[in-house]
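The values are calculated or read from the model by the stated rules, or taken from the named source; none is laboratory data. Model, not experiment: these values are computed from the prediction. Heads up, the Cβs are rebuilt from the backbone with ideal geometry, glycines too, and the neighbour counts pull from every protein chain shown. Areas reflect the complete protein model, heavy atoms only, side chains present, ligands, DNA and RNA absent. Shrake-Rupley method; radii C 1.70, N 1.55, O 1.52, S 1.80 Å.
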Protein chains: 2
Amino acid sequence: MNYSIHIPSSTKKRVVIIGGGFGGIRLAKGLKNKGFQVVMLDRHNYHTFQPLLYQVATAGLEPDSIAGPLRKLLKHYKDFYFRMALVNRIVPEENMIDTTIGQLKYDYLVIAAGSKTNYFGQEKNFEKAFPLKQIPQALDLRSQILQNFEKAIMTHDKEERQSLMNFVIVGGGPTGVEVAGALGELKMHVLPNDYKELDFEKMSIYLIEAMPRLLNGMSDSAGEKSYDFLKRFNVTTKLGTMVKAFDGKSVQLDDGMVIPSQTLIWAAGVTGNLIDGLPDKVIANGRIMVDEFSKVNGYDNVFAIGDIAMQQTESYPKGHPMLAQVAMQQGSLLAKNLLRINKDKALIPFNYSDKGSMATIGRNKAVVDLKSVKFSGLFAWFVWMFIHLISIIGFRNKLVVFSNWLWNYFTYDRGTRLIIRPFVRKPKKKKQEEKVPVA
Amino acid sequence: MNYSIHIPSSTKKRVVIIGGGFGGIRLAKGLKNKGFQVVMLDRHNYHTFQPLLYQVATAGLEPDSIAGPLRKLLKHYKDFYFRMALVNRIVPEENMIDTTIGQLKYDYLVIAAGSKTNYFGQEKNFEKAFPLKQIPQALDLRSQILQNFEKAIMTHDKEERQSLMNFVIVGGGPTGVEVAGALGELKMHVLPNDYKELDFEKMSIYLIEAMPRLLNGMSDSAGEKSYDFLKRFNVTTKLGTMVKAFDGKSVQLDDGMVIPSQTLIWAAGVTGNLIDGLPDKVIANGRIMVDEFSKVNGYDNVFAIGDIAMQQTESYPKGHPMLAQVAMQQGSLLAKNLLRINKDKALIPFNYSDKGSMATIGRNKAVVDLKSVKFSGLFAWFVWMFIHLISIIGFRNKLVVFSNWLWNYFTYDRGTRLIIRPFVRKPKKKKQEEKVPVA
């Protein structure tokens, strides 16, 4: 092979960060020009602003506006190296990682590889479902939704048409609720203008949640409110119900109901995006067990932060929620702690400061839980938008997202209903392709 | 097959428009609610603003901002039908077209299928070249350019690295000049920040043109100016030179020179995007011969407009230039003439009113030829931007493009340097896939 990972040697200690998500970026920022050599690896050359993936999938935002090129983000950093690569294996005994472009030694390793879609061991039953964790997946879903209606207009077969116009979302967390609401808005304001020949009374959106409530991580009132809001957006929510299988044509539920649908959107959960090489004893529930300093149990120089890490505390016996907030706070603190290690200072333990959580259902409707106050409706919706807008990385992206939101709000429109790359179901192969970075 | 094209019958005469490009849209607009039933077919569900494709390919604009959803554009039209489909064959004897979703009768047929990349019979020698006629192609090129640098940073092989950093553009028309200039800007302002480890002195951009001048359709001064401007953007222009072959690794020129390069961008020309079924005698030079009413020779109810049509006149013995302007004027006039046919009025012959032409080379540099005045430089550049901005279809797109241009101008940046779908060379198959619409 002609390629290698090719990082110049340095007298500084080398921190290798796997993953350019919320945690990895915060960590890199905290280490900026502070006396470390920093290497970041990611399979993509951009950071994905995952909270808005659902808006890409539902034609509200262009993909490029929620992606931040990692090299651009980190261009003023000295002794910083980005490599677009996948990590095959961690070899902690040799302080080394093995990647698609060769091996690399580290002084400190930080695993910030995030999470991937969790099918709870039922991959086979749901291999035709649409996950929503990466931009290409959001684009595939966008194509699928639009292709469905292009087909619905042309089919003679009533049942076929119904299955094209039914959408099933699994999982009543924020992503599930947000996708369902966005589809509801498409049904109410956008699609009937585009497809005048179709009867949109017949477009149905089902949200399936196994628990007896929505937005389980949030307050009871948020759960109830979101249920009511979704109703107004024409979403049929089925609580306490599980999906059993999806064959690309219909969805089977555990209560015996069968929904003819060609589109099952999987928002039922995520699990750590694990990398081979760490012993089983540090893995629990698909995440890497870490102590209060984000240190992987049993190692001195291997850390994990964000979704992939699980620190058990009294308040969070199952680990912290898999949220951007946690990852960012862990990334910032770990940067400080790595500097303290260098200065032989005592480390600061991680204490999650929960700033609250929120979800939007659609136009003028959101739910917000803060520590001291919970509210919903129009004001919550503005808070949601404001927080997301300031969180998107890069001024250009903020500008473009804001332009789109203004446009969407005042016109009741969704401007990016484009089938740029038609979605074609392919058996497995595709996924692999997507995983392979440049080399 | 369960699908059909499925247009309700009507007492009105049916105009079938093949293609939602500049010509097709103008025609549809002219026929809006004027007593015809109008059916438009396109392989994409959006209109492509082709003049800015090169900015998508060079990470200056997001793809979605130069695409206008056709259904949205035409949503207030009565008795108007859009179908995402490919036309397999025209059967003029039966007033019928055969499409990927079935057959359709017409009273009037308008072929506005535009143009496709012209390899001048040398498809085999250039099957690894990057054409630039459609959005997915622009995205593939964007991925390729960025992947090249990600690879260049990781290769040990000096020659390999050089071939990754060399870019060859064939064709010194507006597209070729614009891509070359944009690559020059990437070299000067953007890429060196991203890839600090590479020596950008070694990035070379070659523009190869068979004629002894650039911008052949424009004035001599525009040709000379653009040559000078390109020099300032570090582009090596080779005039009077032809490319012989490209194997994915190096480009052979007819003067014996071999340029090691993995990226050959084909901007050497276009030819009519012909559809089977018309007799050979109406085809010349890959275009359909039409009279002064855009009527296809030998038929009363078959018309062709835009790039695909060739009307020979004294001023244009080889047909009009294949430009958006011509297509738009022909589309507008044909709408009027179809209304006149309905009223038994005499038809108005087409007279091309050349409003001038222009090309941009890069930051602050463009050339503009108007009838009475020719100018270049900063003012020309503003004129170029203004004209393009007002020509982009849709207010949302104008807003997003304008935001991007402001951003790019003041930051010397290109915000969308994203490898969303990594480009992987595949033998042929892919192209076919892309051609198949939904059904």
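I'd like to verify a number: residues in segment B:171-197 that are assigned to a loop (DSSP other than H, G, I, E, B) and either open to solvent by less than 20 Å² (accessible area, probe 1.4 Å) or charged (D, E, K, R) (or both), how many? Final tally of qualifying residues: 5. In the set A:LEU274, A:LEU264, A:LEU278, only one residue is open to solvent by less than 50 Å² (accessible area, probe 1.4 Å), touching a strand residue (DSSP E or B) at 6+ places or on another chain (Cβ under 8 Å), under 30 Å from A:ASN88 (Cβ atoms) and not aromatic (Phe, Trp, Tyr); that residue is A:LEU278. Candidates are the residues of segment B:376-411 that are within 10 Å of another protein chain (Cβ to nearest Cβ) and out of contact with any Leu (no Cβ under 9 Å at 6 or more places or on another chain); the one that is nearest to B:ASP228 (Cα to Cα) is B:THR411. Screening the candidates A:LEU132, A:LEU139 for the property of being touching a residue at least 24 places away in the same chain (Cβ under 8 Å) and open to solvent by less than 20 Å² (accessible area, probe 1.4 Å) yields one hit, A:LEU132.
The residues on offer are A:LYS32, A:LYS78, and the sole one that is farther than 25 Å from A:PHE402 by Cα, out of contact with any Pro (no Cβ under 6 Å at 6 or more places or on another chain), without any contact (Cβ under 8 Å) to a residue 60 or more places away in the chain and not assigned by TED's automatic domain parsing to the domain that holds A:TYR108 is A:LYS78. The single condition among (1) assigned to a strand (DSSP E or B); (2) more than 29 Å from A:ASN95 (Cβ to Cβ) that A:ILE288 does not satisfy is (2).
A single member of A:ILE341, A:ILE393 is over 21 Å from the mean Cα position of the chain (by Cα) and farther than 19 Å from A:GLY173 by Cβ, and it is A:ILE341. Taken over segment A:4-17, the criterion of being crowded, with 20+ Cβ neighbours inside 10 Å and within 13 Å of chain B (Cβ to nearest Cβ) is satisfied by A:ILE5 alone.
Which is of a type in the set (A, V, I, L, M), over 30 Å from A:LYS336 (Cα atoms), in contact with an Asp or Glu (Cβ under 9 Å, 6 or more places away or on another chain) and crowded, with 18+ Cβ neighbours inside 10 Å, of A:ILE145, A:ILE153?
A:ILE153
Residues in segment A:130-164 that are within 19 Å of A:LEU418 (Cβ to Cβ) and assigned to a helix (DSSP H, G or I): 19 in all.
Outside any loop (DSSP other than H, G, I, E, B) and at pLDDT 95 or above, is that true of B:VAL326? Answer is yes for this residue. When B:PHE382, B:PHE423, B:PHE375 are checked against the criterion of being more than 13 Å from B:LEU61 (Cβ to Cβ) and in a helix (DSSP H, G or I), a single residue qualifies: B:PHE382.
Can you confirm whether segment A:43-62 contains a residue that is among the charged types (D, E, K, R), out of contact with any strand residue (DSSP E or B) (no Cβ under 8 Å at 6 or more places or on another chain) and in contact (Cβ under 8 Å) with a residue 40 or more places away in the chain? Checked segment A:43-62: at least one residue is among the charged types (D, E, K, R), out of contact with any strand residue (DSSP E or B) (no Cβ under 8 Å at 6 or more places or on another chain) and in contact (Cβ under 8 Å) with a residue 40 or more places away in the chain. Only one entry in B:PHE402, B:PHE410 is open to solvent by 60 Å² or more (accessible area, probe 1.4 Å), under 28 Å from A:LYS75 (Cβ atoms), over 24 Å from the mean Cα position of the chain (by Cα) and not charged (D, E, K, R), namely B:PHE410.
Among the candidates B:GLY68, B:GLY20, the residue that is within 16 Å of the chain's Cα centre (by Cα), within 14 Å of another protein chain (Cβ to nearest Cβ), over 23 Å from A:THR155 (Cβ atoms) and not charged (D, E, K, R) is uniquely B:GLY68.
Yes/no per residue for (1) buried (at least 16 other Cβ atoms within 10 Å of the Cβ); (2) of a type outside the set (D, E, K, R); (3) more than 14 Å from chain A (Cβ to nearest Cβ):
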{"residue": "B:GLU201", "(1), (2), (3)": "no, no, yes"}
{"residue": "B:ASP220", "(1), (2), (3)": "no, no, yes"}
{"residue": "B:VAL235", "(1), (2), (3)": "yes, yes, yes"}
{"residue": "B:LYS238", "(1), (2), (3)": "yes, no, yes"}
{"residue": "B:THR241", "(1), (2), (3)": "yes, yes, yes"}
{"residue": "B:SER250", "(1), (2), (3)": "yes, yes, yes"}
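State whether one or more residues within segment A:89-108 are surrounded by fewer than 22 Cβ atoms within 10 Å (Cβ to Cβ), touching a strand residue (DSSP E or B) at 6+ places or on another chain (Cβ under 9 Å), on the phi > 0 side of the Ramachandran plot and modelled with pLDDT of 95 or more. Yes, because at least one residue in segment A:89-108 is surrounded by fewer than 22 Cβ atoms within 10 Å (Cβ to Cβ), touching a strand residue (DSSP E or B) at 6+ places or on another chain (Cβ under 9 Å), on the phi > 0 side of the Ramachandran plot and modelled with pLDDT of 95 or more.
Are any of the residues in segment B:161-170 in contact with a strand residue (DSSP E or B) (Cβ under 8 Å, 6 or more places away or on another chain) and closer than 24 Å to B:TRP381 by Cα? Yes: one or more hits.
Only one entry of A:LYS238, A:LYS225, A:LYS249 meets the criterion of being at pLDDT 95 or above and within 20 Å of A:PRO131 (Cβ to Cβ), and that entry is A:LYS249.
Condition (residue is open to solvent by 40 Å² or more (accessible area, probe 1.4 Å), polar (S, T, N, Q) and not assigned by TED's automatic domain parsing to the domain that holds A:VAL179) applied to segment A:60-73: is it met by at least one residue? Within segment A:60-73, none of the residues are open to solvent by 40 Å² or more (accessible area, probe 1.4 Å), polar (S, T, N, Q) and not assigned by TED's automatic domain parsing to the domain that holds A:VAL179. The number of residues in segment B:80-104 being in contact with a Lys or Arg (Cβ under 7 Å, 6 or more places away or on another chain) and of a type outside the set (A, V, I, L, M) comes to 3. For segment A:413-439, the set of residues classified as modelled with pLDDT of 85 or more, facing another protein chain (nearest Cβ under 9 Å) and open to solvent by 50 Å² or more (accessible area, probe 1.4 Å) consists of A:VAL424 only.
Of a type in the set (Phe, Trp, Tyr), in contact (Cβ under 8 Å) with a residue 40 or more places away in the chain and assigned to a strand (DSSP E or B): does that describe A:PHE167?
yes
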